[in-house]
Amino acid sequence: MTYPDDNIPTPARTTVRIPTAPGDELDTWLYLPEGQGPHPAIVMAHGIGAIKAGGLAPFAERFCREGFAAVVFDYRQWGDSTGQPREELSVPRQLQDYSTAIGWAAAQPSIDKHRIFAWGTSFAGMYIIELAASDHRLAGALAQSPLADGLAAAMMVPPARSLRLLALALQDRLGAALGRPPRYIPVAGAPGDLAIGATPDSLFGEKLITPKDSTPWQNRVAARSLLSFSWRRPVRRAAAIHCPILLVVAENDTLAPVRPALRVAEKAPHGELYRSGGGHYDVYQGGKSFDEVLAVEIEFLHRHAKPAA
């Protein structure tokens, strides 16, 4: 499914600021389709270390053309959202940001609160699985190249690099207790680099998720963030998922463990699986499976967004 840029106008978007405790705001893009609402909606956020300006617009624009409102936000402490310290990841905090954005969407007259979907990519797959199991406001959920098991992901890292990363994370956590600023590590690096992702396709992925406009972004995350997720295993909640969920799992994913994601699709009562071509980052625009993945996601959304008879 393709839309030539010279024939199809880009959907308009507005920027809104969604308040969240304790006094911070989520910087959010809102895409509204043409026609009379209320519209079904998709609440969207990026993976670890990335921001909405780094590759989410192509998805949101396509969804909007298909009649879905898209609510695309940056987590607190990231991108254009507020919050300090910058580029620090907290799983509970980011999960709450998703919940806040879903609640905001449900309160909008232009959005049908009974047809709200949660969408996430890469690391955000952890949140999508958790939300699909716990948030009964959702009509469905979509996770592409999803991280479904933090422990399995940690086990993929070579032991020597894993120990060095753990040492930096502990030092940074101690520094935080003493009021020191974060120590940062790269999100993406070349094989052998001390980075969260140091696989052969990581630098390709960095290129795809680097904002193409003037939005400032740094390839980094506070080292203390590593202590927030390695022990989290949302795959264990698969059987509790109450809504339809689509798992788009790359055939050659070297960053997010494939087996736990396949298990979620198998164990979720309404789980659906699509095996995309290529690696972890090929689902983004510029990757070889972008168009096929979008077609699958749009078909899933249309099928599950039909109003109740």
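Observations on the structure shown:
- Matching residues in segment 15-36 - criterion: being touching a strand residue (DSSP E or B) at 6+ places or on another chain (Cβ under 7 Å) and under 23 Å from Glu299 (Cβ atoms): Tyr31, Leu32, Pro33
- Selection count, segment 140-154, where residues are more than 28 Å from His304 (Cβ to Cβ) and in contact with a strand residue (DSSP E or B) (Cβ under 8 Å, 6 or more places away or on another chain): 0
- Qualifying residue in segment 168-179 (condition: in contact with a strand residue (DSSP E or B) (Cβ under 7 Å, 6 or more places away or on another chain), within 23 Å of Ala50 (Cβ to Cβ) and either touching a residue at least 24 places away in the same chain (Cβ under 8 Å) or surrounded by fewer than 17 Cβ atoms within 10 Å (Cβ to Cβ) (or both)): yes
- Any hit, segment 4-19, residues being among the hydroxyl-bearing types (Ser, Thr, Tyr) and crowded, with 16+ Cβ neighbours inside 10 Å: no
Matching residues to (1) surrounded by 18 or more Cβ atoms within 10 Å (Cβ to Cβ); (2) among the small types (Gly, Ala, Ser); (3) closer than 30 Å to Ala141 by Cβ:
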site	(1), (2), (3)
Met155	no, no, yes
Arg183	no, no, no
Gly189	yes, yes, no
Lys212	no, no, yes
Arg220	yes, no, yes
Ala238	yes, yes, yes
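- Matching residues in segment 249-304 - criterion: being touching a Lys or Arg at 6+ places or on another chain (Cβ under 7 Å) and part of a loop (DSSP other than H, G, I, E, B): Glu251, Gly277, Gly278, Asp282
- Residue, farthest from the chain's Cα centre (by Cα), within segment 89-131, restricted to residues that are within 14 Å of Arg232 (Cβ to Cβ) and among the hydroxyl-bearing types (Ser, Thr, Tyr): Ser90
- Residue count for segment 262-309, restricted to those that are in contact with a helix residue (DSSP H, G or I) (Cβ under 7 Å, 6 or more places away or on another chain) and within 18 Å of Met126 (Cβ to Cβ): 9.
- Elements of type strands (runs of 3 or more DSSP E) contained in segment 5-94, each with 3 or more residues being over 22 Å from Gly140 (Cα atoms) and touching a Gly at 6+ places or on another chain (Cβ under 9 Å): 24-31
- Candidate set: segment 175-223, residues that are of a type in the set (A, V, I, L, M) and in a strand (DSSP E or B); chosen: the one farthest from the chain's Cα centre (by Cα): Ile185
- Residues located in segment 250-302, provided they are over 29 Å from Lys207 (Cα atoms) and free of Cβ contacts under 8 Å to residues at least 40 places away in the same chain: Ala265, Glu266, Lys267, Pro269, His270, Gly271, Glu272
- Exclusive hit being aliphatic (A, V, I, L, M), assigned to a loop (DSSP other than H, G, I, E, B) and more than 20 Å from Arg220 (Cα to Cα), set Ala139, Ala148, Ala133, Ala143: Ala148
- Considering residues of segment 279-297 that are touching a strand residue (DSSP E or B) at 6+ places or on another chain (Cβ under 6 Å) and under 21 Å from Ala153 (Cα atoms) only, the residue surrounded by the fewest Cβ atoms within 10 Å (Cβ to Cβ): Gly279
- Scanning segment 25-44 for residues that are free of Cβ contacts under 8 Å to residues at least 60 places away in the same chain, hydrophobic (A, V, I, L, M, F, W, C) and within 30 Å of Ser90 (Cβ to Cβ) turns up at least one hit.
- Members of segment 95-130 that are outside any helix (DSSP H, G or I) and in contact with a helix residue (DSSP H, G or I) (Cβ under 8 Å, 6 or more places away or on another chain): Ile111, Lys113, Ile116, Phe117, Ala118, Trp119, Gly120
Values quoted throughout were computed directly from the atomic coordinates according to the rules given, and no laboratory measurement underlies them. Keep in mind the model is a prediction, meaning the values are calculated, not measured. Cβ atoms come from the backbone with ideal geometry, glycine included; neighbour counts cover every protein chain shown.
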